[in-house]
Amino acid sequence: MDKTRRVEGKVAIVTGGAVGIGMATSLVLAREGAMVAVVDINDEKGQKVVDRIKKLGGIATYWHVDVADEDSVSNAFADIAREFGSIDVLVNNAGIAGVNRPTHEISKAEWDKVIGVNVGGVFLCTKHAIPFMRKAGGGSIINMSSIYGIVGAADLPPYHASKGAVRLMSKNDALFYAKENIRVNSIHPGFIWTPLVEELAANSPEGADAFRKQLDSRHPVGHAGEPDDVAYGVLYLASDESKFITGSELVIDGGYTAQ
């Protein structure tokens, strides 16, 4: 066994693991020795991530899970623990952007959909991971928030609300479980060039190219981020290198919120 790998032997669940940040995270964790449960609703792309990991010599399995459905989460997490032996790391990455209209133009159904996935999903996955982490003697929960869990931008009201909630849920759960060696932290990416952001670009009134240039200019480093930029932050928080970090915010934003 290669002891130099940073999460050797840990069992990691990555929700929304089929694309973007989730895919990059799954690949990085597997490369560094974790057994990865790739969780998503996109079966074809999720299985492709698992196949890539296996080709690289890693260990991974795909599970179809709707994070907003409690039975889906609880059944899958029990299966994952049976197959891999425990649950040590949970990356609550699954999320949707939702509608981009002012608050007074948003329907309750549109609001509830985003909150159900982005907040409800974090709650349900955390709820059903905790018993396995207790059994394992500890664990690390990494919740994907956003710069828009810290600052506003006059867009995507349900998304902003959801990511602000995730930020505080992380701190609150960190306090609940600190004495049980279960750490809970949030990550706050700036704009990362993922399928979600590509979709925003494609639907923007100014066109995709202009959207990308404007997006790049908002980050002091001069460009948007890449999925691996966030995946390596997840790796650090998943590893024992971060054993003294809980209830914290890891901001990965190219200087966006420093302005």
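Miscellaneous remarks
- Within the stretch 199-208, not a single residue is closer than 30 Å to Ile87 by Cβ and in contact (Cβ under 8 Å) with a residue 40 or more places away in the chain.
- Criterion: within 15 Å of the chain's Cα centre (by Cα), surrounded by 14 or more Cβ atoms within 10 Å (Cβ to Cβ), aromatic (Phe, Trp, Tyr) and closer than 26 Å to Ile130 by Cβ - qualifying residue of Tyr177, Tyr148, Tyr236: Tyr236
- Listed conditions (1) in a loop (DSSP other than H, G, I, E, B); (2) surrounded by fewer than 24 Cβ atoms within 10 Å (Cβ to Cβ); (3) not charged (D, E, K, R) are all met by Leu27, apart from (1).
- Looking only at residues of the stretch 1-24 that are of a type in the set (Gly, Ala, Ser) and in a loop (DSSP other than H, G, I, E, B), we find that the one that is nearest to Leu124 (Cα to Cα) is Gly16.
- Highlighted here are the helices (runs of 4 or more DSSP H) found entirely within the stretch 44-158 that include at least 2 residues which are among the β-branched types (Val, Ile, Thr) and in contact with a Pro (Cβ under 7 Å, 6 or more places away or on another chain): 108-118.
- Residue count for the stretch 35-64 satisfying the condition of being under 23 Å from Pro189 (Cα atoms) and either modelled with pLDDT under 95 or aliphatic (A, V, I, L, M) (or both): 6.
- Which numbered condition Val36 fails, given (1) outside any helix (DSSP H, G or I); (2) surrounded by fewer than 18 Cβ atoms within 10 Å (Cβ to Cβ): (2)
- When restricted to residues that are under 17 Å from the mean Cα position of the chain (by Cα), more than 12 Å from Val36 (Cα to Cα) and of a type in the set (A, V, I, L, M, F, W, C), the stretch 49-75 contains 4.
- Of all residues in the stretch 142-162, those satisfying the criterion of being hydrophobic (A, V, I, L, M, F, W, C) and at negative phi are Ile142, Met144, Ile147, Ile150, Val151, Ala153, Ala161.
- Filtered residues of the stretch 159-191 (kept if part of a helix (DSSP H, G or I) and of a type in the set (Phe, Trp, Tyr)): Tyr159, Phe176, Tyr177
- Criterion violated by Ala165 - all others in (1) touching a helix residue (DSSP H, G or I) at 6+ places or on another chain (Cβ under 7 Å); (2) under 24 Å from Phe191 (Cβ atoms); (3) surrounded by fewer than 21 Cβ atoms within 10 Å (Cβ to Cβ) satisfied: (1)
- Restricting the stretch 192-217 to residues that are part of a helix (DSSP H, G or I) and small (Gly, Ala, Ser), the residue that is nearest to Asp229 (Cα to Cα) is Ser217.
- Across the stretch 218-244, the qualifying residues are those that are assigned to a loop (DSSP other than H, G, I, E, B) and touching a Phe, Trp or Tyr at 6+ places or on another chain (Cβ under 7 Å), and the one among them that is nearest to Ser186 (Cα to Cα) is Glu226.
- Just so you know, in the stretch 93-126 the residues that are surrounded by fewer than 21 Cβ atoms within 10 Å (Cβ to Cβ) and of a type in the set (Gly, Ala, Ser) include one that is nearest to Gly138 (Cα to Cα), and it is Gly120.
- In the stretch 180-207, the residues that are among the small types (Gly, Ala, Ser) and surrounded by 13 or more Cβ atoms within 10 Å (Cβ to Cβ): Ser186, Gly190, Ala201, Ser204
The values are calculated or read from the model by the stated rules, or taken from the named source; none is laboratory data. In this text the structure is predicted, and so the values were computed from the model without any measurement. Using ideal geometry, Cβ is built from the backbone for each residue, glycine included, and neighbour counts are taken over all protein chains shown.
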